[in-house]
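*Asks:* The structure follows.
The values are calculated or read from the model by the stated rules, or taken from the named source; none is laboratory data. These figures come from a predicted structure and were not determined experimentally. Here Cβ is always computed from backbone atoms with ideal geometry, including for glycine, and neighbour counts include all displayed protein chains.
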């Protein structure tokens, strides 16, 4: 059963990497050119909006981070009947990094959603015009990208729950932060 | 030591509630009136930006949720030497709700930060004007509010880590998802 969880985690991480890369590509390769007045044309790219730029960087970084986590050699908590102290430090570090990664990805994605919502609705109070009525295809692709981003965030949240499970099950159910004697 | 963790959790939840209420109040009671041309004056409130409205609702809801969690009677996993099955269901539900709360608060806060960044910098590509050079005090107060929002998110993340610890330490370190025999 130990092996079962380890392979499950590998599958989850591989899916997370694929969805993260898909998100980054959808945003980064999204362009649309529109003729505004006669010969003046305008090209929309992700570089026009800071939130989208940040989303590309962060999803790429998160994909790389998950790739590194995959390379980590899977170690067992016990070797020859003895508990290994190094296991728990590794598990804590892994849990901490996984949590950081999921929160940062989630935040970047939510920021991109907010910027997109402003582009769709505009803001009368702030006198900001709608942009998506002109660049419709561009906006639909960004919409797909943020949905992928949320899927990736959910996958990473599950992965970090597994990381937490790996750490916390080593502790005693009766005593606070005391390692259990198997 | 069991009592130690329980009181720790109570303190954390009370601080989270206070910071969440502070965030909601800072945003909700933030107004600034500016004379634009002679007799025409404009009033900036949080209702001008959807992200800020959502932030007020969500931080209030999160404060209420933590209040409810405080009312929950603290139960022990064992009564009279026997493991209580109802404990683990409660702990799983509590973990799930805590996780939801922290992610939603964090997302709402990040969306508000993105909207604020756009208000500070404007966007040349989208022809959106800066707003914060006119409503400076208003923007500073929103800045303080989102910092409070992040503090609240961090507190809630720690609370949900404690929830996870409470659930996962009941499981065996050697067998997958099998409850341990103390």
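*Asks:* Go through (1) modelled with pLDDT of 85 or more; (2) over 30 Å from residue A:8 (Cβ atoms) one by one and return the number of the condition residue A:35 breaks.
*Replies:* Residue A:35 satisfies every listed condition except (1).
*Asks:* Within the range B:14-43, can you find the residues that are surrounded by fewer than 20 Cβ atoms within 10 Å (Cβ to Cβ), in contact (Cβ under 8 Å) with a residue 60 or more places away in the chain and under 14 Å from the mean Cα position of the chain (by Cα)?
*Replies:* Result: B:15, B:22.
*Asks:* Only residues in the range B:127-139 that are under 15 Å from residue B:32 (Cβ atoms) count as the first member; pair them with residues that are at pLDDT 85 or above and assigned to a helix (DSSP H, G or I), Cβ under 6 angstrom, at least 6 apart or cross-chain, and list the lot.
*Replies:* Between residues of the range B:127-139 that are under 15 Å from residue B:32 (Cβ atoms) and residues that are at pLDDT 85 or above and assigned to a helix (DSSP H, G or I), the close pairs are B:131/B:119; B:132/B:119; B:132/B:120; B:132/B:139.
*Asks:* For the range B:24-64, which residues satisfy the criterion of being assigned to a helix (DSSP H, G or I) and within 14 Å of chain A (Cβ to nearest Cβ)?
*Replies:* Correct list: B:46, B:47, B:48, B:50, B:51, B:52, B:53, B:54, B:55, B:58.
*Asks:* Looking at the structure I just gave you, is residue A:147 without any contact (Cβ under 8 Å) to a residue 40 or more places away in the chain, under 22 Å from residue A:19 (Cβ atoms) and more than 7 Å from chain B (Cβ to nearest Cβ)?
*Replies:* Criteria met by residue A:147.
*Asks:* Quick one: count up the residues across the range A:124-141 that are under 21 Å from residue B:45 (Cβ atoms) and within 7 Å of chain B (Cβ to nearest Cβ).
*Replies:* The total comes to 4.
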